[in-house]
Amino acid sequence: MWTVRASSRTAAFPKPGSPYLLLLPTFISNSRSLSRSYKEAFMEPIPKPLFRRLLLTFLAGSGCFLIGLVFFLREDDMPFFTLSIFLFLFSCGKGTLFFLHVKKKTYTVLEGTCTDVRMNLLGGTQDICLTDAEGNEHRLVIGKDHKIRAGYSYRFYFRDSDGISPGRNPLLKKALLTDNLLGVEASAGGPSALV
């Protein structure tokens, strides 16, 4: 036969006048300010091109999982379902890391007016000359899927490249900017539609 015995322990609360009670309001106000700053940091809006990339990353993983689930239920295809689970987990991990990078703002924004666009015949790229507010020219090579027009203002988002410093080499700087492109959007001076 089992017997249940209640514990005789009670929570020990500090006595009135204790120095711990004097520290309690300070602790509560500090925790509120920390939670407020945490909420403010994570509630800032994500730029539209980065949000679109984040959303597509999560949707691709979810789509792989759902297709794998359908094939598993219909055809009893366990290897395909396992592969779809791995793709889903990889997509979730990649999306979470990307979300943290966006919220920590570990990306570079290059904003300026496009002064020249040249299509490359070989390879699906185009050369863009962008002039920022200080008058500095930046030459970029991006894919043709981004519709860039001369005379309009654009905002380019680039992943920060750690450990590699282009220095004065313009070709290395151009390669780093091209490989780390996260997204493009038209700024306030340009067309209202996203590119």
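A few points about this structure:
- The calculated FRET efficiency for the pair Glu111 and Ser62, based on their C-beta separation and a Förster distance of 41 Å, comes to about 0.80.
- Figure legend: label point modelled 7 angstrom from the Cα of Leu69 along Cα→Cβ; residues of the stretch 89-121 with amide N under 16 Å from it are 89-92.
Every number in this text was worked out from the coordinates using simple rules, so none of it is lab data. From a predicted model like this one, the values you see are computed outputs, not experimental measurements. Note: ideal-geometry Cβ built from the backbone for every residue, glycine included; neighbour counts use all protein chains shown.
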